Amino acid sequence: MGCGVTKSNQFHKHPVKAIRAAVLIQQWYRQYVARMEMRRRYTWHIFQSIEYSGEQAQIKLYNFLGYLMDNFTPSSNERNLISHIFRENEVCRDAEWERHFCYKNIEVPEIYSGPHLCFPLTVEQAVNMVEAFRNKKQLHSRYVLQLLLETWKLLRMLPNISRISTCHSKEITICGDLHGQLEDLLLIFYKNGMPSLEKPYVFNGDFVDRGKDSIEILLILFAFLLVYPTEVHLNRGNHEDHIINLRYGFTKEVLTKYKMHGKRILKLLQKIFSWLPLATVIDQKVLVLHGGISDSTDLGVLARVDRHTYVSALRPPKKKKQQSSTGTSIDSDMDEDWANQRLFQRRASLTCPKLTVSRDGFLNRSLQDFSDRLKGNVVEGELKHCQQRATLVRLGSLRVEKESHASPDSVASDDAKEEWKQILDLLWSDPMSQDGCIPNELRGGGCYWGPDVTEDFLTRHNMQLIVRSHECKQDGYEFCHNRKVLTLFSASNYYDVGSNRGAYVKLGPDLVPYVVQYQASSMTRELTARQSVGQTERSALKVLREQLFSHKSDLICAFKTFDCDNTGVVSATDWATAVESVMRLGLPWRMLRSQLVSSKRSDGLIDYQQWFNELAIKGANADHIDQCLLETLYRHRSTVETIFRIVDTNNSGFISPSDFRQTWKLLSAYLKMEITDEAISELAVAIDSNRDGAIDIDEFMEAFRLTDKKSRLERGRSMFMATAPDLTALDQDDERV
């Protein structure tokens, strides 16, 4: 009591000093919060820019390969290398597929300690499988194939758009992207309960990629779908696509966990992904879909499409032309009209590079002819790109209009392309704050749509809310468009530990969303706000340094525009201006300079040559390789690995020297770079360290130290490996920032 009185008396004796102290503390706290928010925002911006640029690169690569498939002769070596990823519907009869994926000849050894399944599946078996995965056990490949076949049979019976009801008292739980993060799914089940008759769920796509437990998440969701087919609903996401899986880790995960039967499992999953429903409607008022809508989205059209023909949503379906001798339907490549019209029609939904060489120029040619022609035309082609694109779109539209009256086949083609565009928009689109609908240049697929498009769509379909996912949000969710669009993301710690919360939504009969947030990692509960922001910032800066290194040549050219006397140094202001002119990320470069440039000069200038020497990332076998080539490889490292895995048709992890050479010819054409046969041979010799005559894909990536340097967005696992004793070190590092 006395102590309290004394303090009170002291306060009354010096009221002015106390007020001044309070004001100073308040000002300091406001500045501290502002700095933390600034750091959080630019960290988020770095991660998101890298994520979207990766998706755009994958779409560009796939369109390039698709163009080669449509225009190269079947006998060309390059087409043979990539054709297997386009054989999407080789066998269409259900009985043939079931025989192809028969599991009965696969024996389960007595030493197997994982869960055993028998069908029809029971809820006890599904729950036991969840517990087994929680304890890091693996389901045997026999049971995996059997579970996938049963799932495929069920999905074929479901409509494109699932329609469910809250039934007066029932709550429906909606989950967003999980991206292979089993810990998040287990936490949702712990907090909200497992699926049951009283606990229905809608899982809104992107179950796989990036995380390390994608196959386990799929098996859990499919098991509960089989047990509760009217209570569990799965929507397709843009990552339920074997082309995307090649880049973002799911393909590699399955082949690593199921070495003997992984290829069959992946092929069956391609079929399953194509049969996943496209959307879910709750009480006729709430639409749940993965990406979004466009100004042409029509639920009536989406309800009628043959969704299983879109094995990859990035490529229009191929026309069925003939029957095989066994009676099974064989899909052939698209005819000339389709191939030509596709170049003109895709742009509205899919942003992709248009090749400047005409289709006729490719007839009876191979990649070598293409590479030679491309090198001669690339500069001129870039200058004429915009004018040609406008002309092509106009001519393409006129041609489509003319041919639409020519024959029933032409009409069917137009209808199919419209269906494909609607599916692509549904899986890839994002909302924007301004009115209108424009191509999504950032991701490379789908569109951006504004509040006016949302309002028109909801009015036309007599709905009140759109729930979508597809975008990571710091709080796990975000409302926009006058709270008529809700983005929901359920993968917490997505970019790094502490980077974001996850969330799920519960909808009752009133259809008012009740959001539940969480963070799955126990480590996040041990981190202070400053530690969390600091750690995520450090991971983002590491990714940013990699991007800066991969643009070294462009940055040096930009620096030299300010360094007219070729002194090798520039001012901090000129450094920031030059970096932004190349990177175009809109980041506060002057503020980041102290964290990106460690070398300091007494005059405050920046030695950019020394800075790049610090940034250089070299492997033991890369010293003899041309630095320009090394930079190009590093910039496109994920594309390089993706092409290698495409060429690796038997999924062994190895490719032959001849395929290695063809791969580099393919890369040189795609990247518009020239690499000689001699340089390719030197690469092959340098990388084949054990001299076994085969190129190990992982060995190649490691030769350039890419495996250790890639961020989580590229390699599918967290970079953050610290434990609780490291928190003090994190705090100390953060103090120095």
Practice prompt. Describe numerically, in nm with one decimal, the distance between label points set 7 Å from Cα along Cα→Cβ at Arg545 and at Arg601.
Written response: 2.1
Worksheet item: From a point 7 Å beyond the Cα of Arg483 in the direction of its Cβ, which residues of the range 499-515 have a backbone N at a distance under 16 Å?
Response: 506-508, 510-515
Item to complete: Net charge near Glu171: determine it from the other residues with C-beta under 14 Å of the C-beta of Glu171, scoring Lys and Arg +1 and Asp and Glu -1.
Response: 0
Fill in: Cα centroid of the range 222-290 to Cα centroid of the range 571-591, whole Å
42
Worksheet item: Which pairs in the list Lys263/Lys665; Lys136/Lys212; Lys170/Lys484 are over 20 Å apart, alpha-carbon to alpha-carbon?
Response: Lys263/Lys665; Lys170/Lys484
Item to complete: Give, in nm to one decimal, the length gained when the segment between Asp295 and Arg593 is fully stretched (0.36 nm per residue of separation minus the Cα-Cα distance).
Response: 103.0 nm
Worksheet item: If R0 is 60 Å, what FRET efficiency do you get for Lys285 and His14 from their C-beta distance, rounded to 0.05?
Response: 0.45
Fill in: Packing-based order for 138-151, 671-684, using average beta carbon neighbours within 10 Å, highest first
138-151, 671-684
Worksheet item: What FRET efficiency would be calculated for the residue pair Ser652, Val23, taking the C-beta separation as r and a Förster radius of 51 Å, to the nearest 0.05?
Response: 0.15
Discussion item. Using the basic label-point model (7 angstrom from Cα toward the beta carbon), what is the Leu511 to Ile556 distance in nanometres?
Written reply: 6.1
Discussion item. Can you tell me the length gained on complete extension of the stretch Asp415 to Glu37, counting 0.36 nm per residue apart and subtracting the Cα distance?
Written reply: 131.3 nm
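FYI, it's all coordinate maths here, none of it is from the lab. Every value quoted in this text rests on a predicted model; they were computed, and no experiment measured them. Positions of Cβ are generated from backbone atoms using ideal geometry, with glycine treated the same way; all protein chains shown enter the neighbour counts.
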